[in-house]
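Undergrad: The structure under discussion is supplied below as structure tokens; questions concerning it will follow.
The values are calculated or read from the model by the stated rules, or taken from the named source; none is laboratory data. Since we're looking at a predicted model, the values are computed, not measured. Note that we place each Cβ from the backbone using ideal geometry, even for glycine, and neighbour counts take in every protein chain shown. Ligands, DNA and RNA are excluded from the accessible area calculation, which covers all protein heavy atoms including side chains. Shrake-Rupley method; radii C 1.70, N 1.55, O 1.52, S 1.80 Å.
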There are 2 protein chains.
Amino acid sequence: MTDAKNALVAIRVDDAPARVKPSNYPEPFASMMGGRVKRPLGDLFGLNSFGVNHVTLPPGTVSALNHRHSVQDEFILVLTGAVVLVHDGGETVLTAGMCAGFPHDGTAHHLENRSDAVASYIEIGDRQSGDTASYPRDDLVAVRVGNGWQFQHKSGAPY
Amino acid sequence: MTDAKNALVAIRVDDAPARVKPSNYPEPFASMMGGRVKRPLGDLFGLNSFGVNHVTLPPGTVSALNHRHSVQDEFILVLTGAVVLVHDGGETVLTAGMCAGFPHDGTAHHLENRSDAVASYIEIGDRQSGDTASYPRDDLVAVRVGNGWQFQHKSGAPY
């Protein structure tokens, strides 16, 4: 649905196009995100200061590598199904209607769909400059450069 | 659910406490928001760069005065029921599973529940400094001051 100026007014989240690039990670990590589908929503409306994605996780897939941001705040709301939130304090099952927030420098986190049904959720993250993402379980560091990410080994060597 | 450090890990949105102050607007506008219930979610997790609220709109209630921001980007996702999005291009009915984004300096907007059933949605807005909200249909201007809003008449006189 568009308005008189052909700006998008509203869209059903299921109708939003999926992101063309399945993962920003370098290999071997990108392939570990197989099956995950991200539908950018905020970008469709020209939003800049934060991103909103609709994410679908089929059984056996994960949201991301376990990570925390140095600057970015993040928030998720589960829409359908159930996911396991893996955090520094353990694991917590989130079902539809549950939310979690991840302040910068807070717990590392990622989601796993260990159920037999598709799960979906909304993820929100700000886009402040100077951000880095650290991955306590993997040899990876991500540095925000412009609108993208530059990936390094923990040694500082580029991927 | 809290973790070992007593930080909140996750919460069902219906279990989040409702905002104590029903509306930030001065009268006569505050009373026009009667029935609307906002549950701040992002604040529960210590998120700073954007706010996330769960909002419940019973039949006959509205989300806000028709407004646009000069700096803040906003996004909504309807979770249950149906609302009418009133925007510069007309009116668009949004049902559960539909979303809309409002970039700063874009269309003015607000939601009305004209149905017989309760509607609910998630709203997200960034918290960048220097923001103002303008209200094309009302004698009101809001200026962001710290974490709050200062309300003026269009003449500049304070409320």
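Undergrad: Got a number for carbon plus sulfur as a percent of chain A's accessible area, 1.4 Å probe? Before the final figure, lay out each step's value.
TA: Values: 3660 of 6930 Å².
The C+S portion of the solvent-accessible surface of chain A is 53 percent.
Undergrad: Determine the total buried accessible area between chain B and chain A, counting protein heavy atoms only with a 1.4 Å probe; round to the nearest 100 Å².
TA: On the way: alone 8480 and 8490 Å², together 13870 Å².
Answer for the B-A pair: about 3100 Å² buried.
Undergrad: Could you please put A:Tyr135, A:Tyr25 in sequence from largest to smallest accessible area, using a 1.4 Å probe?
TA: From most exposed to least exposed: A:Tyr25, A:Tyr135.
Undergrad: Can you give me the P(r) profile for the protein assembly as shown? Cα pairs, bins 10 angstrom wide beginning at 0, each as a whole percent.
TA: Bin by bin from 0 Å, the calculated values are 6, 25, 35, 23, 9, 2, 0.
Undergrad: Counting partner chain Cβ atoms within 10 Å of every residue's Cβ in A:10-17, what's the average?
TA: Numbers: counts 12, 6, 7, 5, 2, 2, 1, 0.
That works out to 4 on average.
Undergrad: Place the label 7 angstrom along Cα→C-beta at A:Ser70 and in each other copy, then list the distances from the first to the rest in nm, shortest first.
TA: From this label point to the equivalent ones elsewhere in the assembly: 3.3 nm.
Undergrad: When Cβ neighbours within 10 Å are restricted to other protein chains, what is their mean count per residue of peptide A:70-83? Please list the in-between numbers first.
TA: Values: counts 0, 1, 1, 8, 5, 9, 2, 7, 3, 5, 0, 0, 0, 0.
Averaged over the peptide's residues, the number is 3.
Undergrad: Can you list, shortest first and in nm, the gaps between the label point of B:Gly97 and those of its counterparts in the other copies, using a point 7 Å from Cα in the C-beta direction?
TA: Inter-copy label distances (nm, one decimal, shortest first): 1.9.
Undergrad: How many angstrom lie between the Cα centre of the stretch B:71-146 and the Cα centre of the stretch A:80-159?
TA: What the calculation gives is 28 Å, centre to centre.
Undergrad: Return, for the Cα atoms of the stretch B:16-155, the radius of gyration and Dmax in Å, separated by a comma.
TA: Considering the stretch B:16-155 through its Cα atoms, Rg and Dmax are 14.2, 40 Å.
Undergrad: Additional query: Looking at the stretch B:47-144, which trypsin sites (Lys or Arg not before Pro) are DSSP coil and have at most 16 other C-beta atoms within 10 Å of their C-beta? List each step's numbers first, then the result.
TA: On the way: sites: B:Arg68, B:Arg114, B:Arg127, B:Arg137, B:Arg144; in loops: B:Arg114, B:Arg127, B:Arg137.
Qualifying residues, ordered by number: B:Arg114, B:Arg137.
Undergrad: With the cut-off at 14 Å, report for the stretch A:33-115 the share of all Cα pairs above it, as a whole percent. Intermediate values should be presented prior to the final figure.
TA: Numbers: 2231 of 3403 pairs.
Cα-Cα pairs of the stretch A:33-115 separated by over 14 Å account for 66 percent.
Undergrad: Per-residue Cβ counts within 10 Å, from other chains only, averaged over B:95-107: what number is that?
TA: The per-residue average across the peptide is 6.
Undergrad: Right, next: When the Debye formula is applied to the Cα atoms of the stretch B:1-48, each taken as the same point scatterer, what base-10 log of I(q)/I(0) results at q = 0.20 Å⁻¹?
TA: -0.74
Undergrad: Shifting gears a bit: With the label 7 angstrom out along Cα to Cβ, how close does B:Gly146 come to the same site in each of the other copies, in nm, nearest first?
TA: When each copy's label point is compared with this one, the spacings are 4.0 nm.
Undergrad: Per the Kirkwood definition applied to all pairs of different Cα atoms, how many angstroms is the hydrodynamic radius of the stretch A:111-150?
TA: Values: mean 1/r = 0.0776 Å⁻¹.
By the Kirkwood definition, the hydrodynamic radius is 12.9 Å.
Undergrad: Note down the magnitude of the dipole of the stretch A:4-137 about its Cα centre, charges +1 on Lys and Arg C-beta and -1 on Asp and Glu C-beta and zero elsewhere, to the nearest 20 debye.
TA: Working: 11 positive and 14 negative charges, 80 e Å.
In debye, rounded to 20, the stretch A:4-137 gives about 380.
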